[in-house]
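The structure appears below as structure tokens.
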Amino acid sequence: MVLLVKTGLKTNVEVDKEQENKLLSIPLSSLYIILGAVAIVFGGDLTVDAASKIAMDFGMSKTLVGLTIVSIGTSLPELVTSIVAARKNEVDMALGNAIGSNIFNILLVLGLSSAISPIIVVTEGIMDSMILFVFTCIIWIFSMTKKSFK
């Protein structure tokens, strides 16, 4: 959080006059939010039904379909947002979107899931996770200090 605040204070963002005039009214914004929420509910229901039908048609387990098709479908908005941001040369937006999505999934989704039904942790994979964590920290330190491995 401290790093985020420091970066935000260092960044000087100028408000474009054209963008300022394109603000939507509150009723229209509210309508868009309501329509978007309804579309998400119906789209999510349609996705689950279609994935279940695919699993039954091909004789696959619903778990396998959930781990592949549905997970890809839920990651597509972040992928599209990152691609659009990268094409507009908004690297901070692309990276922030990817990192923020992963942090949100880890903290909120995993937290809510474990609050509803306890998650069993297999101790065999803990050492692999610790090694991955150490190497990730090393790479992060090099990226923050702008030093290379050369």
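Mind checking which pairs have a first residue in region 68-79 that is more than 13 Å from Gly44 (Cα to Cα) and a second that is not basic (Lys, Arg), Cβ under 6 Å, 6 or more apart or different chains?
Glu78/Asn97; Glu78/Ser101
Somewhere in region 61-80, is a residue under 12 Å from the mean Cα position of the chain (by Cα) and either over 18 Å from Val109 (Cβ atoms) or of a type in the set (Phe, Trp, Tyr) (or both)?
Yes, the conditions are met somewhere in region 61-80.
Please work out which residue is surrounded by the most Cβ atoms within 10 Å (Cβ to Cβ), limiting yourself to region 97-118 and to residues that are assigned to a helix (DSSP H, G or I) and of a type outside the set (A, V, I, L, M, F, W, C).
Asn97
Would you confirm, using the coordinates I've provided, whether Ala37 is at pLDDT 75 or above, in a helix (DSSP H, G or I), over 25 Å from the mean Cα position of the chain (by Cα) and of a type outside the set (Ser, Thr, Tyr)?
Numbers: at pLDDT 75 or above: yes; in a helix (DSSP H, G or I): yes; over 25 Å from the mean Cα position of the chain (by Cα): no; of a type outside the set (Ser, Thr, Tyr): yes.
When the stated conditions are applied, Ala37 does not pass them.
Taking region 17-76, which residues are of a type in the set (Asp, Glu) and closer than 27 Å to Ser101 by Cα?
Going residue by residue through region 17-76, those that are of a type in the set (Asp, Glu) are 18, 20, 45, 49, 57.
Hits for region 17-76 are Asp45, Asp49.
Condition first: closer than 29 Å to Leu95 by Cα, under 23 Å from the mean Cα position of the chain (by Cα) and not small (Gly, Ala, Ser). Now tell me which residues in region 113-129 satisfy that.
none
The values are calculated or read from the model by the stated rules, or taken from the named source; none is laboratory data. In this text, all values refer to a predicted model and were calculated from it rather than measured experimentally. Neighbour counts run over all protein chains shown; Cβ positions are idealised from the backbone, glycine included.
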